Amino acid sequence: TLAPVSDSNEMNLDILQVSRRLSEDDYLTSLSRAAYGRAIDPYVITRALAAFQRTLVSYDSAYDRYEFLGQKDQLNEAQLRGRALFFSPRTKCGGCHGDPFMTDFEFHNIGLYTTYADPGRERVTYDPADAGKFKTPSLRYIALTAPYMHDGSMGTLQEVVAFYNRGGQDHPNKDFRIQPLGLSPAEEADLGRLP
């Protein structure tokens, strides 16, 4: 819960700084007292963040109704073409973003950069083979979670699809599966329409 708060690439704050800032808001202070019986402090912040994160449940998308409940009217023709491309041997998207979680929970370098400002997984392992590797994000409700990539460098799904279509940039740790896809503009559009 606290890693993004203190990480220098994210909020870059000490939890006590966060507590002081949030305590300046009378409304938030009243909510803290009502929910936790105390003023805003690290205990309240971690519990409130964890409670919020537990509400982020995704299970009733059009894709879920189509894929798992057999409601075949949930996806339109363009989405069905995009789904077929997504799980095809041609794109191999489903290799890292498979059902039901739409993530493999692994770390990969996708060739976003030739030189990364953030070392990625290497920051934890100290292994140069992990440079530029980031955890595969879930694609559940992806249309609602812009911006994309570990650093928010892409603002639309169309940018993401175009990036993968180009095959990423050269990097010694780039995952071997990231290769130019040769998608037509129509196929790119279909792939970017997945719900």
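What is region 1-61 by shape, rounded, prolate or oblate, if you read a ≥ b ≥ c off the alpha carbon gyration tensor as root eigenvalues and call it rounded for a/c under 1.5, prolate for a/b larger than b/c, and oblate otherwise?
On the way: a/c = 2.37, a/b = 1.16, b/c = 2.03.
Taking the square roots of the gyration eigenvalues as a ≥ b ≥ c, region 1-61 is oblate.
For log10 I(q)/I(0) by the Debye sum over Cα atoms at q = 0.08, 0.16, 0.18 Å⁻¹, the choices are (i) -0.26, -1.10, -1.35; (ii) -0.26, -1.01, -1.22; (iii) -0.37, -1.09, -1.22; which was calculated from the structure?
Checking each listed value against the structure points to (iii).
Name the longest site-free stretch of the chain, where the excluded sites are GluC sites (Glu not before Pro) in a DSSP loop with no more than 14 other beta-carbon atoms within 10 Å.
107-195
Ranked from the most accessible area to the least, with a 1.4 Å probe and all protein chains present, what is the order of 136, 1, 115? Mind showing how you got there, number by number?
Working: 136 15, 1 75, 115 110 Å².
Listed by decreasing accessible area, they come as 115, 1, 136.
With unit charges on the beta carbon (Lys/Arg positive, Asp/Glu negative), name the residue among 152, 36, 129 whose Cα is farthest towards the positive pole of the charge dipole of region 16-172.
36
Select from 165, 76, 109 the residue whose mean-square fluctuation is largest in a Gaussian network model of the chain (Cα-Cα springs shorter than 10 Å).
In this elastic network of the chain, the residue with the biggest mean-square fluctuation among 165, 76, 109 is 76.
Got a sec? Charge dipole of region 38-195, +1 on Cβ for Lys and Arg, -1 for Asp and Glu; which of 51, 167, 61 is way out at the positive end?
Going by the Cα projections, it comes out as 51.
What shape does region 40-124 have by the C-alpha gyration tensor, where a ≥ b ≥ c are the square roots of the eigenvalues, rounded means a/c under 1.5, and otherwise prolate means a/b greater than b/c and oblate the rest?
Oblate is the answer for region 40-124, as a/c is 1.5 or above yet b/c matches or exceeds a/b.
At 7 Å along the Cα-to-beta-carbon direction for both residue 12 and residue 138, put a label point, then send me their distance in nm to one decimal.
The answer from the label model is 3.0 nm.
Compute, for region 1-129, the length of the dipole vector about the Cα centre, with Cβ point charges of +1 (Lys, Arg) and -1 (Asp, Glu) only. Units Debye, rounded to 20.
Computed charge dipole of region 1-129: roughly 200 debye.
List the chymotrypsin sites (Phe, Trp or Tyr not before Pro) in region 1-70 that DSSP assigns to loop (not H, G, I, E or B) and whose Cβ has at most 13 other Cβ atoms within 10 Å. Which are they? Intermediate values should be presented prior to the final figure.
On the way: sites: 27, 36, 43, 52, 59, 63, 66, 68; in loops: 59.
For chymotrypsin sites (Phe, Trp or Tyr not before Pro) across region 1-70 that sit outside H, G, I, E and B with at most 13 neighbouring Cβ atoms in 10 Å, the list reads 59.
Can you compute the helix-only [θ] at 222 nm over the chain? Use -39500 (n - 2.57) per DSSP H run of at least 4 residues, normalise by all residues, nearest 500 deg cm²/dmol.
Rounded to the nearest 500, it is -10500 deg cm²/dmol.
Within straight cross-link reach of residue 133, meaning Cα distance under 18 Å, which aspartates and glutamates are found once same-chain residues fewer than 8 apart are removed?
Straight-distance partners of residue 133: 7, 10, 104, 106, 118, 122, 151, 170, 175.
Rounded to the nearest percent, how much of the accessible area of the chain (1.4 Å probe, protein heavy atoms only) is carbon and sulfur? Could you put the intermediate results ahead of the total?
Details: 6670 of 11830 Å².
Taking all protein chains in place, the chain shows 56 percent carbon and sulfur surface.
Taking the chain as a Gaussian network, Cα atoms linked when under 10 Å apart, which of 90, 65, 38 shows the biggest mean-square fluctuation?
Comparing 90, 65, 38 in a Gaussian network model of the chain, the most mobile one is 38.
How much accessible area per residue does region 74-195 have, counting only protein heavy atoms and a probe of 1.4 Å, in square angstrom?
55 Å²
The values are calculated or read from the model by the stated rules, or taken from the named source; none is laboratory data. The structure presented is a predicted model; accordingly, all values stated were derived computationally and were not measured. When we count neighbours, we look across all protein chains shown, and the Cβ atoms used for this are built from the backbone with ideal geometry, even at glycine. Accessible surface is based on the protein model in full, side chains and every heavy atom, while ligands, DNA and RNA are left aside. Shrake-Rupley method; radii C 1.70, N 1.55, O 1.52, S 1.80 Å.
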